[in-house]
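First comes the structure, then the notes that go with it.
The values are calculated or read from the model by the stated rules, or taken from the named source; none is laboratory data. Just so you know, these numbers come straight off a predicted model, no measurement behind them. When we count neighbours, we look across all protein chains shown, and the Cβ atoms used for this are built from the backbone with ideal geometry, even at glycine.
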Amino acid sequence: MEKIGLVLEGGGIRGAYTAGAVKWLNDNNITFDYGVGISSGSVYLALYWQKETKIAYDLATKYSIAPDIVGFKALLKEGHFVAYNHLFNDVLKKEAHMTIQPLLDQKANIEVGCYVLDEGKTVYYGIDEMDDSMQVLLGSCALPIASAIVNYRGKKLLDGGITKMIPIERALEQGCTKTLVITTKPKDYVRKPASKFVEFLMRIIYRKCPQMAKDYHVRHLNYYHQVEIINQQVEQGKAIHIQPSQNIKVSRYKGDVEKTKALYELGYNDMEARREEILKFLGK
């Protein structure tokens with residue numbers, strides 16, 4: 001039996017590209033049998049599944065680049081460079097009225113990847129393991145060093161992208177026969193090894209979880225392994241890989257309204273440019 005999955009990479013502010021791409025999916029009433037997201041990709045997955053395009057747009061182009069979310073103000077507010085608690089608990093939940101209760105009610109077939117420090121590995125949480133506190137989504141986004149550890153049901157969570165930047169392997173493990181994979185880096189992107197200084201900080205800050213520093217050391221190798229799997233799936237006609245056709249320069253942390261809007265529009269337009277290919281692939 002055919003099972004079609006949606007796979008979303010993270011990327012922080014670069015997730016604006018994903019937001020635009022899934023807006024195209026919503027506009028064309030395209031649904032999937034299964035979805036999996038990592039980091040910011042997990043949030044856009046939840047919003048896409050509920051067709052919450054307005055919140056996704058605001059998150060991509062406004063909230064994610066706000067000075068009280070990223071930078072010195074965030075540092076003063078939460079003691080970390082990225083104020084994820086403020087973003088989720090004050091902005092997304094109270095101001096934007098984001099909820100995942102509809103996903104809980106419908107038992108949506110989605111999963112979110114978080115790195116569990118207690119276990120030294122990325123764990124995928126299904127909808128039956130989440131609640132409307134959205135702590136699992138927060139945990140999936142919580143970047144090491146730059147943000148606080150998220151405590152959820154006795155587990156310590158951080159960004160699932162520590163080991164699984166593009167969760168293609170999980171989609172295949174879950175029986176997907178076809179996947180639409182949306183990533184946030186252009187084709188010529190080069191992922192470099194972590195700097196010695198960052199690795200030093202990882203060993204010091206997370207000394208109670210030595211496995212995480214080891215995983216971070218080979219993170220770039222894991223990334224290329226995941227890209228290789230996607231390429232193989234594409235060659236076999238089992239996947240479509242959507243990625244930025246232009247290099248709009250924003251980083252995980254830094255961007256502005258003009259660039260995030262451009263990324264959002266690029267995501268939408270890249271999907272539209274491949275409309276016939278996508279619809280044929282999905283059997284629409």
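How do the pairs read when you match residues in segment 100-112 that are surrounded by fewer than 17 Cβ atoms within 10 Å (Cβ to Cβ) with residues anywhere that are part of a helix (DSSP H, G or I) and aromatic (F, W, Y), using Cβ under 9 Å and keeping only pairs 6 or more apart or on different chains?
The qualifying pairs are P102/W49; Q106/W49.
In segment 119-150, what residues are in a loop (DSSP other than H, G, I, E, B) and touching a Gly at 6+ places or on another chain (Cβ under 8 Å)?
L143, A148
Filter segment 6-46 for residues that are touching a residue at least 40 places away in the same chain (Cβ under 8 Å) and among the β-branched types (V, I, T); which is surrounded by the fewest Cβ atoms within 10 Å (Cβ to Cβ)?
I30
Output the residues belonging to segment 207-224 that are assigned to a loop (DSSP other than H, G, I, E, B) and either modelled with pLDDT of 95 or more or out of contact with any Leu (no Cβ under 8 Å at 6 or more places or on another chain) (or both).
R207, V218
So, in segment 154-177, how many residues would count as being hydrophobic (A, V, I, L, M, F, W, C) and assigned to a helix (DSSP H, G or I)?
Result for segment 154-177: 4.
With respect to I69, determine if the residue is under 13 Å from the mean Cα position of the chain (by Cα), within 24 Å of A146 (Cα to Cα) and of a type in the set (A, V, I, L, M, F, W, C).
no
I'd like to check something: does segment 35-58 contain any residue that is touching a Ser or Thr at 6+ places or on another chain (Cβ under 9 Å) and at positive phi?
yes
Scan segment 233-260 residue by residue and report those that are at pLDDT 95 or above and not in a loop (DSSP other than H, G, I, E, B).
Across segment 233-260, the qualifying residues are Q233, V234, E235, A239, I240, H241, I242.
Would you mind telling me which numbered condition in (1) in contact with a helix residue (DSSP H, G or I) (Cβ under 9 Å, 6 or more places away or on another chain); (2) surrounded by 13 or more Cβ atoms within 10 Å (Cβ to Cβ); (3) over 24 Å from L157 (Cα atoms) V234 fails?
(1)
Residue by residue through segment 204-218, note down the ones that are of a type in the set (D, E, K, R) and touching a helix residue (DSSP H, G or I) at 6+ places or on another chain (Cβ under 7 Å).
If the condition is that a residue be of a type in the set (D, E, K, R) and touching a helix residue (DSSP H, G or I) at 6+ places or on another chain (Cβ under 7 Å), then D215 is the only one that fits.
Which of the residues that make up segment 66-99 are assigned to a helix (DSSP H, G or I) and without any contact (Cβ under 8 Å) to a residue 12 or more places away in the chain?
Correct list: F72, K73, L75, L76, K77, N89, D90, K94, E95.
Could you say which residue among K62, K3, K94, K77 is within 19 Å of I145 (Cα to Cα), surrounded by fewer than 17 Cβ atoms within 10 Å (Cβ to Cβ) and either in contact with a Ser or Thr (Cβ under 6 Å, 6 or more places away or on another chain) or modelled with pLDDT under 95 (or both)?
Step by step, each of K62, K3, K94, K77 is checked, and only K77 is within 19 Å of I145 (Cα to Cα), surrounded by fewer than 17 Cβ atoms within 10 Å (Cβ to Cβ) and either in contact with a Ser or Thr (Cβ under 6 Å, 6 or more places away or on another chain) or modelled with pLDDT under 95 (or both).
Just name the residue that is nearest to Q135 (Cα to Cα) out of those in segment 44-91 that are out of contact with any Asp or Glu (no Cβ under 7 Å at 6 or more places or on another chain) and β-branched (V, I, T).
So the residue we want is V91.
Cβ-Cβ below 7 Å, separation at least six or inter-chain, first residue in segment 178-206 and assigned to a loop (DSSP other than H, G, I, E, B) and surrounded by 16 or more Cβ atoms within 10 Å (Cβ to Cβ), second at pLDDT 90 or above and charged (D, E, K, R): which pairs?
Close Cβ pairs (under 7 Å, with a partner that is at pLDDT 90 or above and charged (D, E, K, R)) amount to T183/E9; T184/E9; T184/R14; A194/R219.
Among the listed residues V43, V7, identify the single one that is assigned to a helix (DSSP H, G or I), within 20 Å of K107 (Cα to Cα) and β-branched (V, I, T).
Being assigned to a helix (DSSP H, G or I), within 20 Å of K107 (Cα to Cα) and β-branched (V, I, T) holds for just one of V43, V7, which is V43.
Just need a number here: residues in segment 7-38 that are at pLDDT below 95 and polar (S, T, N, Q).
Final tally of qualifying residues: 0.
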